[in-house]
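Below is one structure, written out as structure tokens; the observations come after it.
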Amino acid sequence: MPLPSIVAMISLLAILASGAWVALGLMGVGIFSLEIFRSLPVEKLLAQSIWNGVSSAELLALPLFILMAELLFRSRFIDGLFSALEPWVRRLPGGLLHTNILACAFFALVSGSSAATTSSVGRITINELDGRGYDRRLTIGTLAGAGTLGFLIPPSIVMIVYGVLSQTSVLKLFTAGILPGVLLTLCFMGFIAVLSKLRPSIVPQHTGDNSRIWKERMAGLPSLLPFIVLIGSILGSMYGGIASPTEAASVAVLVTLVLMAMERSLSLRALCDAATGTARTVAMLGLIIAAASFLASAIGFLGMPQAVAAFINSLQLPPLGLIVLLMVVYIILGSFLEGMSIIVMTIPIVLPLVVSAGYDKVWFGVFLILMVELAQISPPVGMNLFVLQGLTRDPLTSVVRAAFPFFIIMLCYVFFLAVFPQVVSFLPGLL
Amino acid sequence: MAILNLIDRFSRVLAVISGFAIFLMAGLVVSEIVLRNVFSVSLTFVWEVSVYLHMGAIFLGSAWTLRTGGHIRVTLLRAVLPRAFEWFATLIGLLISAYMTNALLQLAWTYFRTGRTSGSTSDIALIYPAAFMAFGAVLLTLQIALRLVHIALGNPPEIDNVRDGDSAPIMD
């Protein structure tokens with residue numbers, strides 16, 4: 001690999017390890033590398049990259065879904081989600097840890113963002129599971145893993161971006177994400193079930209009365225109603241042809257406000273708190289996206305993506321070998337770059353390689369989404385890790401350790417999809 | 001230190017404005033959907049204005065986010081050498097933030113000097129969003145510089161108890 005790329009990687013590690021803010025650290029690496037190795041007007045490139053990075057219309061769904069999550073957090077029906085799911089999973093091995101996974105899958109149906117899914121569900125469940133004596137590491141791990149479902153289960157912002165860049169049908173991509181999303185959810189739940197059988201100490205032993213469980217399940221259904229209305233309004237407005245996926249996010253904000261007003265939890269204080277909370281999360285994520293956009297430009301100028309593509313081409317690998325190698329490359333890139341940047345940076349180089357190896361663009365879209373999901377929980381730059389660190393105030397190293405088993409599950413799952421691509425192509429084939 | 005408190009209050013006000021900009025964005029987009037589907041009228045400026053509101057919101061909220069510990073950092077080595085690394089990390093952050101602020105100020109100045117507009121049907125002058133971004137970046141850099149003052153004075157570098165709701169960990 002060329003010297004500038006090596007220096008960029010080492011300086012990224014050094015700056016982030018120093019404890020500097022991630023967004024500023026990413027910018028710093030780009031500035032440092034370009035000032036040393038390239039004769040470019042770095043200030044102009046930085047300003048323009050920041051501008052381009054945050055001026056994408058597709059990104060608008062993110063602040064809107066964050067605002068919806070902030071409002072939901074301040075409503076009382078959030079408490080209902082946990083209590084409504086609880087009797088459905090209580091008797092499963094692993095108990096209420098499944099609520100994390102199911103709530104993430106549920107929320108992924110209303111949110112196109114992985115960070116928003118992790119943040120929204122984590123706020124509801126972390127304290128609740130902590131209070132009930134569940135293993136904290138597993139609580140965080142399930143959130144880290146299942147939170148990434150926000151990208152895979154439609155509507156997904158990342159899928160829209162991929163569809164636009166690769167000229168692939170977004171509807172086919174959305175449809176292709178459904179079956180892999182459901183199977184991955186089941187994989188996470190299966191892992192929790194098996195682990196709790198092997199190590200019973202990770203879950204508190206339930207001693208409650210299960211004789212009235214169906215009554216409890218039915219009684220909890222009205223608590224799910226606000227979420228059903230939300231999901232219905234988002235999917236209904238999208239598939240009904242009323243709104244685009246990003247517009248559906250604003251519909252979700254409106255519906256949440258109406259539901260809160262009906263529930264009498266809407267107040268000026270709640271609105272102000274939600275506004276400040278949204279501002280904090282939007283500023284944090286937006287600055288990281290802006291910085292990642294600049295870093296993507298910088299490493300492009302340093303020739304890193306071309307070096308990787310040339311290396312892959314020279315190996316003359318069989319199709320599955322190419323996919324395994326790509327997995328390694330994406331894991332490495334995902335350790336340092338934000339998901340959207342990885343997609344934007346690599347599609348022009350990697351997509352022709354993959355298509356010529358016999359894989360179709362819809363399959364590669366799902367593969368790429370899963371690799372981006374892995375990037376969300378790969379240290380040192382993993383957005384879900386950051387969100388969870390912000391939520392729990394635990395050290396990043398603890399969050400990384402908690403997420404690791406789910407990282408491995410997802411890695412095996414991607415390999416499974418590479419061996420059996422029919423899992424992805426089955427539903428779009430019915431369209 | 002009245003001046004430090006004043007800057008903190010100002011940063012918080014900007015964060016509230018930033019949050020309500022997202023509310024405004026949601027309102028604009030919903031209006032567009034209703035008008036388009038009910039009256040077959042499209043508000044052509046909505047997407048462009050929404051993008052600018054988002055850009056402004058990111059930067060206007062950044063200073064308060066920093067002051068309340070909302071910007072994420074890798075804390076691997078900070079736990080080992082907290083004091084020395086706090087100075088070091090803050091100084092590095094200050095340098096990079098100052099560089100970014102200078103870049104954004106130059107961009108805003110260029111847009112002001114050339115009178116460049118978006119070129120769309122609404123033809124919005126780009127100086128407006130660029131100025132909000134640059135202003136937010138200036139305040140972010142100022143907050144990082146004041147962080148050094150807080151550390152020197154022995155004050156906590158971040159505000160722990162903000163008035164943004166008790167049980168919202170990502171904000172508190």
- The one condition in (1) open to solvent by less than 30 Å² (accessible area, probe 1.4 Å); (2) among the small types (Gly, Ala, Ser); (3) more than 23 Å from A:ALA116 (Cβ to Cβ) that A:ALA61 fails to fulfil: (3)
- Is it fair to say B:HIS150 is over 25 Å from A:VAL29 (Cα atoms), more than 9 Å from chain A (Cβ to nearest Cβ) and open to solvent by less than 20 Å² (accessible area, probe 1.4 Å)? yes
- State the number of residues belonging to segment A:276-312 that are without any contact (Cβ under 8 Å) to a residue 40 or more places away in the chain and more than 30 Å from A:ILE323 (Cβ to Cβ). 4
- Message: Based on this model, can you work out whether A:PHE227 counts as within 30 Å of A:LEU71 (Cβ to Cβ) and touching a residue at least 12 places away in the same chain (Cβ under 8 Å)?
- Response: yes
- Top-ranked residue in segment A:1-44 [being aliphatic (A, V, I, L, M) and in a loop (DSSP other than H, G, I, E, B); ranked as farthest from the other protein chains (Cβ to nearest Cβ)]: A:MET1
- Note on the structure: Counting only residues in segment A:277-299 that are touching a Pro at 6+ places or on another chain (Cβ under 9 Å) and of a type in the set (Ser, Thr, Tyr), the one nearest to B:GLY19 (Cα to Cα) is identified as A:THR278
- Message: Taking the criterion of being surrounded by 22 or more Cβ atoms within 10 Å (Cβ to Cβ) and modelled with pLDDT under 80, would at least one residue in segment A:310-324 satisfy it?
- Response: no
- Can you work out which of the residues in segment A:357-412 that are outside any helix (DSSP H, G or I) and open to solvent by less than 10 Å² (accessible area, probe 1.4 Å) is nearest to A:ALA108 (Cα to Cα)? A:ILE377
- Item | Hits in segment B:25-72 (condition: in contact (Cβ under 8 Å) with a residue 60 or more places away in the chain, of a type in the set (Val, Ile, Thr) and open to solvent by 30 Å² or more (accessible area, probe 1.4 Å)) | B:THR44, B:VAL49
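For every residue, the table says whether it meets (1) free of Cβ contacts under 8 Å to residues at least 60 places away in the same chain; (2) under 28 Å from A:ILE66 (Cα atoms).
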position	(1), (2)
A:LYS361	no, no
A:LEU368	no, yes
A:PRO379	yes, yes
A:LEU388	no, yes
A:SER398	no, yes
A:VAL419	no, no
- Going through segment B:31-46 in order, the residues found to be facing chain A (nearest Cβ under 8 Å) and touching an Asp or Glu at 6+ places or on another chain (Cβ under 8 Å) are B:GLU32, B:ILE33
- Message: Go through segment A:45-80 and report how many residues are basic (Lys, Arg) and either within 8 Å of chain B (Cβ to nearest Cβ) or free of Cβ contacts under 8 Å to residues at least 40 places away in the same chain (or both).
- Response: 1
- Query: Going through segment A:118-146 one residue at a time, which ones are within 13 Å of the chain's Cα centre (by Cα), away from chain B (no Cβ under 13 Å) and modelled with pLDDT under 85?
  - Reply: none
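Answer yes or no as to whether A:VAL282 is open to solvent by 40 Å² or more (accessible area, probe 1.4 Å), closer than 30 Å to B:PHE59 by Cα and within 14 Å of chain B (Cβ to nearest Cβ).
Details: open to solvent by 40 Å² or more (accessible area, probe 1.4 Å): no; closer than 30 Å to B:PHE59 by Cα: yes; within 14 Å of chain B (Cβ to nearest Cβ): yes.
No; evaluated as a whole, the condition is false for this residue.
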- Query: So which of A:VAL282, A:VAL258 is in contact with a helix residue (DSSP H, G or I) (Cβ under 8 Å, 6 or more places away or on another chain), among the hydrophobic types (A, V, I, L, M, F, W, C) and on the phi < 0 side of the Ramachandran plot?
  - Reply: A:VAL282
- Message: If a residue must be open to solvent by 10 Å² or more (accessible area, probe 1.4 Å) and closer than 19 Å to B:LEU140 by Cα, how many such residues does segment A:22-43 contain?
- Response: 2
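For segment A:274-288, which residues satisfy the criterion of being closer than 19 Å to A:SER120 by Cβ and in contact with a Phe, Trp or Tyr (Cβ under 9 Å, 6 or more places away or on another chain)? Even if it seems obvious, please write down each step before you answer.
Kept after step one, since they are closer than 19 Å to A:SER120 by Cβ, are these residues of segment A:274-288: A:274-286, A:288.
Within segment A:274-288, A:ALA274, A:ALA275, A:THR276, A:GLY277, A:THR278, A:ALA279, A:ARG280, A:ALA283, A:MET284, A:LEU285, A:GLY286, A:ILE288 meet the criteria.
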- Qualifying residue in segment B:82-102 (condition: more than 7 Å from chain A (Cβ to nearest Cβ), touching a residue at least 60 places away in the same chain (Cβ under 8 Å), closer than 22 Å to A:SER293 by Cα and open to solvent by 20 Å² or more (accessible area, probe 1.4 Å)): no
- Task: Scan segment A:171-200 residue by residue and report those that are without any contact (Cβ under 8 Å) to a residue 24 or more places away in the chain and crowded, with 16+ Cβ neighbours inside 10 Å.
- Result: A:PHE174
- Within segment A:221-258, residues more than 18 Å from A:LEU109 (Cα to Cα) and away from every other protein chain (no Cβ under 14 Å) come out as A:PRO222
- Residues of segment A:11-20 classified as open to solvent by 10 Å² or more (accessible area, probe 1.4 Å) and either within 17 Å of A:PHE386 (Cβ to Cβ) or touching a residue at least 40 places away in the same chain (Cβ under 8 Å) (or both), total: 3
- Query: List, please: which pairs have Cβ atoms under 8 Å, are six or more places apart or on different chains, and start with a residue in segment B:133-144 that is closer than 10 Å to B:LEU66 by Cβ and end with one that is among the basic types (Lys, Arg)?
  - Reply: B:GLN143/B:ARG67
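The values are calculated or read from the model by the stated rules, or taken from the named source; none is laboratory data. Because the structure is a prediction, the values reported are computed rather than measured. Backbone-built Cβ (ideal geometry, glycine too); neighbour counts: all protein chains shown. Quick note on the areas: whole protein, heavy atoms, side chains included, nothing else; ligands and nucleic acids left out. Shrake-Rupley method; radii C 1.70, N 1.55, O 1.52, S 1.80 Å.
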